[in-house]
Amino acid sequence: MNLFKRTKKITDERIENVRNKIYKEMYYVILVICLASALFKLYKYGAGSGELYLEFAILVGGGLYYLARSIFLGVFWDEVEMHDRNSKTPMSKKTILGTIALALLISIFMGVNSAVSYADGSSQGVWYFVLVSFVSVMIYLPILLLFFGGIYLLAKKIGMKNS
């Protein structure tokens, strides 16, 4: 008597691939709508308001969920290996260069903000820009390298263990 036992359905691989493609496109549409909503709220309410919690949770949470699932299913490391086979620059080097670029971008933004907001003259503005940018790079570069490099190494370790 197998009333509650589920029978395994036979599915067509082509249908599954099309369904996965639709889900992927749907995810991108949701991300674009969420980003547009966040930009609209920033424009309407300003940067200081606490109106962006839901958008931030959707953007960051969706990315973290995808990363965690792909790591634990072993797909992430397979994607990295496929990328390294097809690309001249390995993913590890791209991770490091992207992290350095992000740290420089943050430090330049903070330097410009400090020079515009707090400097009295142009020479003081240049000094504030250089000083704040340098200190920001010294602070954010190690933190971001540890964060993104740690995620990459953790994904590599778990992915190699699962495969």
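The values are calculated or read from the model by the stated rules, or taken from the named source; none is laboratory data. No experiment lies behind these values; they were computed from the predicted model shown. With ideal geometry, Cβ positions are generated from the backbone for all residues, glycine too; neighbour counts draw on all protein chains shown. All accessible areas refer to the heavy atoms of the entire protein, side chains included, with ligands and DNA or RNA removed. Shrake-Rupley method; radii C 1.70, N 1.55, O 1.52, S 1.80 Å.
Structure summary
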{"read-out": "Matching residues in the range 112-163 - criterion: being within 24 Å of W77 (Cα to Cα) and open to solvent by 70 Å² or more (accessible area, probe 1.4 Å)", "value": "I143, L146, F147, F148, L153, L154, K156, K157, M160, K161, N162, S163"}
{"read-out": "Tabulated pairs, the range 16-41, first hydrophobic (A, V, I, L, M, F, W, C), second surrounded by 10 or more Cβ atoms within 10 Å (Cβ to Cβ), C-beta under 6 angstrom, 6+ apart or interchain", "value": "C34/E55; C34/I58; C34/L59; A38/L52; A38/E55"}
{"read-out": "Subset of the range 21-58 [among the charged types (D, E, K, R) and either outside any helix (DSSP H, G or I) or open to solvent by 60 Å² or more (accessible area, probe 1.4 Å) (or both)]", "value": "K21, K24, E25, K44, E51"}
{"read-out": "Number of positions in the range 71-86 that are under 15 Å from N162 (Cα atoms) and either hydrophobic (A, V, I, L, M, F, W, C) or in contact (Cβ under 8 Å) with a residue 60 or more places away in the chain (or both)", "value": "9"}
{"read-out": "Cross-chain or 6+ apart pairs with Cβ under 7 Å, the range 145-158 first and more than 17 Å from G63 (Cα to Cα) and touching a residue at least 40 places away in the same chain (Cβ under 8 Å), then open to solvent by less than 100 Å² (accessible area, probe 1.4 Å) and assigned to a helix (DSSP H, G or I)", "value": "L145/T99; K156/W77; I158/I71"}
{"read-out": "Criterion violated by L67 - all others in (1) open to solvent by 60 Å² or more (accessible area, probe 1.4 Å); (2) within 15 Å of the chain's Cα centre (by Cα) satisfied", "value": "(1)"}
{"read-out": "Helices (runs of 4 or more DSSP H) contained in the range 59-163 and holding at least 3 residues modelled with pLDDT under 90", "value": "75-86, 122-162"}
